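Let me begin by presenting the structure, written as structure tokens, before commenting on it.
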Amino acid sequence: MMSDRIDLISETYHDAGYVVIEEITMSHFEDMPVGIISNSNAYTVGGDYIGSVKEAERLCDELGIYPEVMQSYKDSGSNVCSIGFSRKSKKWYGWSHRAIYGFSIGDTVKEGDCGASSGYTEEYIKEHPEEDQSLPVGFTAKTFEDCKRMAVAFSESVS
């Protein structure tokens with residue numbers, strides 16, 4: 001069995017701060033080529049994964065977000081971006097493939113908000129309390145760092 005071969009086709013740098021990388025993957029089975037997959041994805045200039053080109057256009061071009069990887073993801077070895085700051089709207093955003101939301105100074109966590117729960121089961125949180133990024137109901141963002149905490153809690157709860 002041979003390993004797949006990935007060939008870089010192009011890298012396109014966008015003014016909004018992301019790179020689109022186009023690749024072709026040649027799959028092999030028992031030394032026989034069995035398929036070619038063409039792939040385009042968007043990354044930060046530092047190499048962190050944003051998502052599809054369409055996702056990067058929405059996040060970076062339309063919303064003006066500079067995506068980054070959450071610390072908990074970095075700690076686990078992941079390079080997937082799920083939070084970011086927009087200078088345009090002065091908000092920290094959190095997202096997943098299911099939802100996106102922006103947080104600004106003065107926002108308050110309410111009962112039922114995604115950031116008020118971790119998305120994990122109670123049993124899991126008891127065993128891994130360090131992974132609970134949720135915020136208490138009534139938490140109010142007073143600084144941009146607080147807004148970032150809200151974005152992290154939101155992203156964790158919807159991922």
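None of the figures in this text is laboratory data; all of them are computed from the coordinates on show. In this text, all values refer to a predicted model and were calculated from it rather than measured experimentally. Every residue, glycine among them, receives a Cβ derived from its backbone with ideal geometry; neighbour counts consider all protein chains shown.
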Positive-end extreme of charge dipole, the chain - chosen from Trp95, Pro129, Gly46 (charges on Cβ) = Trp95
Entries in Lys74/Lys110; Lys90/Lys126; Lys54/Lys88; Lys54/Lys142; Lys74/Lys148 that, when Cα-Cα distance is taken, lie over 24 Å | Lys74/Lys110; Lys90/Lys126; Lys54/Lys142
About its Cα centre, how strong a charge dipole does the chain have in debye, to the nearest 20, once Lys and Arg get +1 and Asp and Glu get -1 at the Cβ?
-> 780 debye
Considering the zone a paramagnetic label at Ala16 would reach in this model (a point 7 Å from Cα along the Cα-to-Cβ line), which residues of segment 52-70 have amide N under 13 Å from it?
-> 52-67
Sorted from largest down, what three extents in whole angstroms do the Cα atoms of segment 69-141 have along their principal axes?
-> 39, 31, 20
In terms of modelled amide H atoms, which long-range or inter-chain residues lie less than 5 Å from the amide H of Lys91?
-> Ser86
Contact order normalised by residue count of the chain, Cα under 8 Å, 6+ apart, percent | 16 percent
Which trypsin sites (Lys or Arg not before Pro) from segment 70-136 combine a DSSP loop assignment with at most 16 other Cβ atoms within 10 Å?
-> Arg87, Lys88, Lys90, Arg98, Lys110
Over the chain, what is the percentage of antiparallel beta bridges among all DSSP beta bridges, to the nearest 5?
-> 95 percent
Springs between alpha-carbon atoms under 10 Å, Gaussian network over the chain: tell me which of Ile50, Ile36, Ile83 tops the mean-square fluctuations.
-> Ile36
